[in-house]
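Student: I have a structure I would like to understand better, so I am pasting it below and will then ask my questions one at a time.
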Amino acid sequence: MKKPIVIAAAILSSSSAQSFAQNSVTLYGVLDDSIQYAHNAGGKSNQIAMVSGQLSGSRWGLKGVEDLGGGLQAVFRLENGFDPNTGKLGQGGRMFGRQAYVGLSKDTFGTVTLGRQYDALFDLVFPAQGNYFLEYFAAPGDVDIGDGTVRQNNAIKWASPDWSGFRVNLTYSLGNVAGAVGSGQSYSGAMSYTTSSWVVAAGYIHIDNGNPTISTRGATSSDSIFESPVNSAYSTAKAIDITRVAANYTVGPVTFGGYYSFSEYLADAASTFSGSERYNNGSIFALWQVSPPFQLELGYDYMKSAGDSSATYHTINLAADCSLSKRTDIYGIASYGHAAGQNGLGPAQAVISDTAVAPGNASQELLIVGIRHRF
């Protein structure tokens, strides 16, 4: 009598293990905190502050997959951003401000998801950029959203399968404005090709900033990109068009590459500026894997604005990271930025990447030491 019972138990155990493998929910997160020294901050000479998210935004999240049969899966992700120094929610106080989506996935057609998501350029172009590895190797003020500070609400995304290294992503975000389908909408597309040594990618995003005759200017499906003095004079733009291309090449322990972006902030009768404001940005970097736990990255970014106003920005960065384990690392960053010309509000200010520290000055230096833990 014991033999049938043992067999039945084995079958149930096998079925349960298979079900668990095909249907799962994972809790994950990142805690990233640092001490930052800034020379020239907020119009003052010096500032020492605790700052979270210098390499990775602090977060916790849930992601899951359910097998629906025939190779079809249901997928979801809920991701919360927060500041460990204050306990406050990030992304404007949203509960799941980093990401919140649900969708379907299959190897043959890719993945379709609905919800609050990143644009297509973040998915495919960002991994070829220098700031993908460490940080602060992107445009001043993140005017080309090259550092992933912006997400889209009401987004529909298609991510293709991997076709021998070639991938395509498309997104469309509804404005949700009655009587004006195009008001507040955003859409993006990107493609990338990856080999054992190369990553090459390109993409485009259009963000409508709201039709003021139907709703209000600034009512858009996209998060605001006007968070620094670099481009805050253009928050009344009718729309923003951004194109980015990037590439990197790895040979032995060294990866080098860069990216170029062209961003245009368009004006109409409801804008407080005329014509358009354009940003040409170029960034180059070299990453050296000195040893398995230790890496160094050096980068330079040059940006020139023209149109409504004109300014020139130079930024140089050096970053180091040392892994203490598979989940914990310590890092250091040194950055210098300089600006000249006019930013639309007055004299240009030197903003380093997407740091929230507005200098009130034509130059700025940052020194950062931090720790990051993943779970």
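The values are calculated or read from the model by the stated rules, or taken from the named source; none is laboratory data. Since we're looking at a predicted model, the values are computed, not measured. As a convention, Cβ positions derive from the backbone with ideal geometry for all residues, glycine included, and neighbour counts pool all protein chains shown.
Student: Determine which single condition residue 86 fails, assuming it passes every other condition in (1) of a type outside the set (Phe, Trp, Tyr); (2) more than 25 Å from residue 175 (Cβ to Cβ); (3) touching a residue at least 24 places away in the same chain (Cβ under 8 Å).
Tutor: Looking at each condition in turn, residue 86 falls short on (3).
Student: Same structure, new question: Those residues that are among the small types (Gly, Ala, Ser) and either in contact (Cβ under 8 Å) with a residue 60 or more places away in the chain or touching a Phe, Trp or Tyr at 6+ places or on another chain (Cβ under 8 Å) (or both), I need them from region 134-159; list them, please.
Tutor: 138, 139, 141, 146, 148, 155
Student: Next question, about the same structure. Only one of 55, 78, 121 is touching a Ser or Thr at 6+ places or on another chain (Cβ under 8 Å) and of a type in the set (A, V, I, L, M). Can you tell me which?
Tutor: None of the other options fit; the residue is 121.
Student: What residue, of 278, 374, is within 30 Å of residue 60 (Cα to Cα), among the basic types (Lys, Arg) and touching a strand residue (DSSP E or B) at 6+ places or on another chain (Cβ under 7 Å)?
Tutor: 374
Student: Only residues that are hydrophobic (A, V, I, L, M, F, W, C) and under 18 Å from residue 34 (Cα atoms): list them for region 297-322, please.
Tutor: If the condition is that a residue be hydrophobic (A, V, I, L, M, F, W, C) and under 18 Å from residue 34 (Cα atoms), then 318, 319, 320, 322 are the ones that fit.
Student: Next up: Considering only region 84-94, I want to know if a residue exists there that is β-branched (Val, Ile, Thr), surrounded by 15 or more Cβ atoms within 10 Å (Cβ to Cβ) and at pLDDT 95 or above.
Tutor: Scanning region 84-94 turns up no residue that is β-branched (Val, Ile, Thr), surrounded by 15 or more Cβ atoms within 10 Å (Cβ to Cβ) and at pLDDT 95 or above.
Student: Would you mind stating whether residue 188 is of a type in the set (Ser, Thr, Tyr), surrounded by fewer than 17 Cβ atoms within 10 Å (Cβ to Cβ) and either touching a Ser or Thr at 6+ places or on another chain (Cβ under 6 Å) or in contact (Cβ under 8 Å) with a residue 60 or more places away in the chain (or both)?
Tutor: no
Student: Which ones in region 289-310 are part of a strand (DSSP E or B), surrounded by fewer than 21 Cβ atoms within 10 Å (Cβ to Cβ) and not β-branched (Val, Ile, Thr)?
Tutor: 289, 291, 294, 296, 298, 300, 302, 304, 306, 307
Student: In region 341-363, which residue that is outside any loop (DSSP other than H, G, I, E, B) and closer than 15 Å to residue 302 by Cα is nearest to the chain's Cα centre (by Cα)?
Tutor: Among those that are outside any loop (DSSP other than H, G, I, E, B) and closer than 15 Å to residue 302 by Cα, it is 363.
Student: When you scan region 216-239, do you find a residue that is surrounded by 20 or more Cβ atoms within 10 Å (Cβ to Cβ), touching a Phe, Trp or Tyr at 6+ places or on another chain (Cβ under 6 Å) and not acidic (Asp, Glu), even just one?
Tutor: Scanning region 216-239 turns up at least one residue that is surrounded by 20 or more Cβ atoms within 10 Å (Cβ to Cβ), touching a Phe, Trp or Tyr at 6+ places or on another chain (Cβ under 6 Å) and not acidic (Asp, Glu).
Student: Looking at (1) within 24 Å of residue 28 (Cα to Cα); (2) out of contact with any Gly (no Cβ under 6 Å at 6 or more places or on another chain); (3) in a strand (DSSP E or B); (4) not aliphatic (A, V, I, L, M), find the lone condition where residue 337 falls short.
Tutor: Residue 337 satisfies every listed condition except (1).
Student: Hey, another quick one. All but one of (1) out of contact with any strand residue (DSSP E or B) (no Cβ under 6 Å at 6 or more places or on another chain); (2) of a type outside the set (Asp, Glu); (3) in contact (Cβ under 8 Å) with a residue 60 or more places away in the chain hold for residue 204; state the number of the condition that does not hold.
Tutor: (1) is the only condition that residue 204 fails.
Student: Among (1) under 24 Å from residue 221 (Cα atoms); (2) assigned to a strand (DSSP E or B), there is one condition residue 257 misses while meeting the rest; what is its number?
Tutor: Answer for residue 257: the failing condition is (1).
Student: Restricted to region 19-51, and to residues that are out of contact with any Gly (no Cβ under 9 Å at 6 or more places or on another chain) and polar (S, T, N, Q), which residue is farthest from residue 355 (Cα to Cα)?
Tutor: Filtering region 19-51 for residues that are out of contact with any Gly (no Cβ under 9 Å at 6 or more places or on another chain) and polar (S, T, N, Q), the one farthest from residue 355 (Cα to Cα) comes out as 19.
Student: Output the residue which, of all residues in region 251-263 that are in contact with a Ser or Thr (Cβ under 6 Å, 6 or more places away or on another chain) and surrounded by 17 or more Cβ atoms within 10 Å (Cβ to Cβ), is farthest from residue 134 (Cα to Cα).
Tutor: To start, the set of residues in region 251-263 that are in contact with a Ser or Thr (Cβ under 6 Å, 6 or more places away or on another chain) comprises 258-259, 262.
So of that shortlist, the ones also surrounded by 17 or more Cβ atoms within 10 Å (Cβ to Cβ) come out as 258-259.
Values: 258: 14, 259: 15 Å.
Going through the qualifying residues, I end up with 259.
Student: Given the residues 248, 280, which is the only one that is assigned to a strand (DSSP E or B), among the polar types (S, T, N, Q) and either over 15 Å from residue 131 (Cα atoms) or modelled with pLDDT under 95 (or both)?
Tutor: Answer to the check: 280.
Student: Tell me yes or no: at least one residue of region 265-275 is more than 21 Å from residue 319 (Cα to Cα), in a strand (DSSP E or B) and of a type in the set (Phe, Trp, Tyr). Spell out how you get there, then give the answer.
Tutor: Our first condition is that a residue be more than 21 Å from residue 319 (Cα to Cα); within region 265-275, this holds for 265-275.
Next cut, in a strand (DSSP E or B) only: 265-266.
When the remaining residues are screened for being of a type in the set (Phe, Trp, Tyr), the result is 265.
Yes: region 265-275 contains one or more residues that are more than 21 Å from residue 319 (Cα to Cα), in a strand (DSSP E or B) and of a type in the set (Phe, Trp, Tyr).
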